1. Could you give the size of the charge dipole of chain A about its Cα centre, using +1 on the Cβ of each K and R and -1 on the Cβ of each D and E, expressed in debye and rounded to the nearest 20?
2. For the protein assembly as shown, which cysteines have no disulfide-compatible partner, meaning no other cysteine Cβ under 4.7 Å?
3. Report P(r) for the protein assembly as shown: all Cα-Cα distances, bin width 5 Å, range 0 to the bin holding the largest distance, values in whole percent.
4. Are there trypsin sites (Lys or Arg not before Pro) in the stretch B:14-96 that DSSP puts in a loop and that have at most 13 other Cβ atoms within 10 Å, and which ones?
5. Each residue of the stretch B:28-35 in order: what ³J(HN,Hα) in whole Hz does its phi give by Karplus 6.51 cos²θ - 1.76 cosθ + 1.60, θ = phi - 60°, with x for Gly and Pro?
6. At 0.36 nm per residue, minus the direct Cα-Cα distance, what do B:Glu83 and B:Asn30 gain on full extension? Give it in nm, one decimal, please.
7. Over chain A, with a Gaussian network built from C-alpha contacts below 10 Å, which listed residue (A:Cys22, A:Cys88, A:Cys12) shows the highest mean-square fluctuation?
8. Test of understanding: in a Gaussian network model of chain B with alpha carbons linked when under 10 Å, which of B:Ile55, B:Ile47, B:Ile26 would top the mean-square fluctuation ranking?
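FYI, it's all coordinate maths here, none of it is from the lab. Everything numeric here is computed off the predicted structure, so don't read it as measured data. Reconstructed Cβ throughout: ideal geometry from the backbone, glycine too, with neighbour counts over all protein chains shown.
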Amino acid sequence: DAKTTQPPSMDCAEGRAANLPCNHSTISGNEYVYWYRQIHSQGPQYIIHGLKNNETNEMASLIITEDRKSSTLILPHATLRDTAVYYCIVGGNRDDKIIFGKGTRLHILP
Amino acid sequence: DAGVIQSPRHEVTEMGQEVTLRCKPISGHNSLFWYRQTMMRGLELLIYFNNNVPIDDSGMPEDRFSAKMPNASFSTLKIQPSEPRDSAVYFCASSFLTAGNNEQFFGPGTRLTVL
């Protein structure tokens with residue numbers, strides 16, 4: 001079973017920041033938080049991951065709470081091409097499989 | 001690099017036939033994953049290999065499914081005999097699995113339809 005809880009869907013206006021929440025209250029000390037997204041008819045695409053520090057790359061920022069029980073993925077300036085299902089996943093350490101849940105379907109509104 | 005390559009991209013077959021899906025991982029990656037995606041069940045991990053050795057096949061639905069990785073650059077997922085409920089999109093992914101990094105790169109998928 002997936003170890004995360006995400007809202008099933010969200011809307012965001014084009015050009016605004018999209019903030020996608022994820023709860024992972026049972027995360028253990030050596031587990032990472034991964035984010036992937038899947039655009040319609042394509043394979044999932046890695047976005048970002050982190051352990052306890054906030055992370056930023058060219059695609060997004062990842063904010064992890066101090067107790068590590070939740071996190072937020074931030075797309076700073078959402079575009080229509082960001083419309084996708086976003087998956088928050090916990091685990092993925094060495095020799096560990098990652099389990100995809102149902103994700104959040106993000107709609108970017110023009 | 002061309003990324004993860006899967007073939008065929010689409011497969012339509014009749015119930016009872018053998019189906020073989022193929023995957024070429026990214027060169028240098030040491031882990032390979034097979035997933036299945038349906039509307040009802042979402043994205044499910046079927047099996048994964050590390051250094052060509054199957055590590056976890058607990059997601060393989062039944063004995064009709066088998067997977068092999070004869071070398072670091074090739075893997076197959078075989079269904080024999082196929083059934084209509086096997087219709088799904090099958091994804092292959094690869095990664096360079098190290099401590100703290102399991103970033104997986106997915107192929108475009110094979111859309112399988114079993115009539």
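1. Working: 11 positive and 11 negative charges, 32 e Å.
Once rounded to the nearest 20, the dipole reads 160 debye.
2. A:Cys12
3. Per 5 Å bin, starting at zero, the Cα-Cα P(r) for the protein assembly as shown comes out as 1, 7, 14, 18, 18, 16, 12, 8, 4, 1, 0 percent.
4. Loop-located and lightly packed - B:Arg41.
5. Per-residue couplings from phi come out as x, 6, 10, 10, 9, 10, 10, 10 Hz.
6. Numbers: separation 53, 0.36 × 53 = 19.08 nm, distance 3.17 nm.
This chain segment gains 15.9 nm when fully extended.
7. Ranking A:Cys22, A:Cys88, A:Cys12 by mean-square fluctuation puts A:Cys12 first.
8. B:Ile55
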